[in-house]
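S.K.: One structure coming up, written as structure tokens, with questions to follow.
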């Protein structure tokens, strides 16, 4: 199964929020509050076209939040989840987070992902 990177749709929002929760929940006890990615409004970010997802078949395996500004792009969040629900630094099928992140950024900059 080939990984596919696509812009997130509104129907992806619940799964995006679940992945972000799994990715960041262990920081709550360390910093005493939910980290910023856990408090973001993903429905709004998705509606504004700022979220891209990595899918394996019908499963969302990761996400990137990018905010395009007039002369730069802000990388707001990267979260990738293992199939067994544990957070790890690479997605299934050995697609590194860095590779996922930079492939999305490169494609967005080159207008290959709409």
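The values are calculated or read from the model by the stated rules, or taken from the named source; none is laboratory data. Values in this document were obtained by computation on a predicted structure and should not be read as measured data. Ideal geometry is used to build each Cβ from the backbone, glycine not excepted, and the neighbour counts take in all protein chains shown.
S.K.: Would it be correct to say that residue 27 is out of contact with any strand residue (DSSP E or B) (no Cβ under 6 Å at 6 or more places or on another chain), modelled with pLDDT of 95 or more and on the phi < 0 side of the Ramachandran plot?
M.R.: Against the criterion (out of contact with any strand residue (DSSP E or B) (no Cβ under 6 Å at 6 or more places or on another chain), modelled with pLDDT of 95 or more and on the phi < 0 side of the Ramachandran plot), residue 27 does not qualify.
S.K.: Only one of (1) assigned to a helix (DSSP H, G or I); (2) at pLDDT 55 or above; (3) over 21 Å from residue 18 (Cα atoms); (4) touching a strand residue (DSSP E or B) at 6+ places or on another chain (Cβ under 9 Å) is not met by residue 46, so which one is it?
M.R.: Single failed check for residue 46: (3).
S.K.: Of the residues that sit in the stretch 65-86 and are within 18 Å of residue 14 (Cβ to Cβ) and assigned to a strand (DSSP E or B), which one is modelled with the lowest pLDDT?
M.R.: Applying the filter and picking the extreme gives 81.
S.K.: Since residue 39 meets every condition but one in (1) within 17 Å of residue 76 (Cα to Cα); (2) touching a strand residue (DSSP E or B) at 6+ places or on another chain (Cβ under 9 Å), which condition does it not meet?
M.R.: (2)
S.K.: What is the residue count in the stretch 11-62 for residues that are out of contact with any helix residue (DSSP H, G or I) (no Cβ under 9 Å at 6 or more places or on another chain), surrounded by 14 or more Cβ atoms within 10 Å (Cβ to Cβ) and farther than 14 Å from residue 80 by Cβ?
M.R.: Qualifying residue count, the stretch 11-62: 1.
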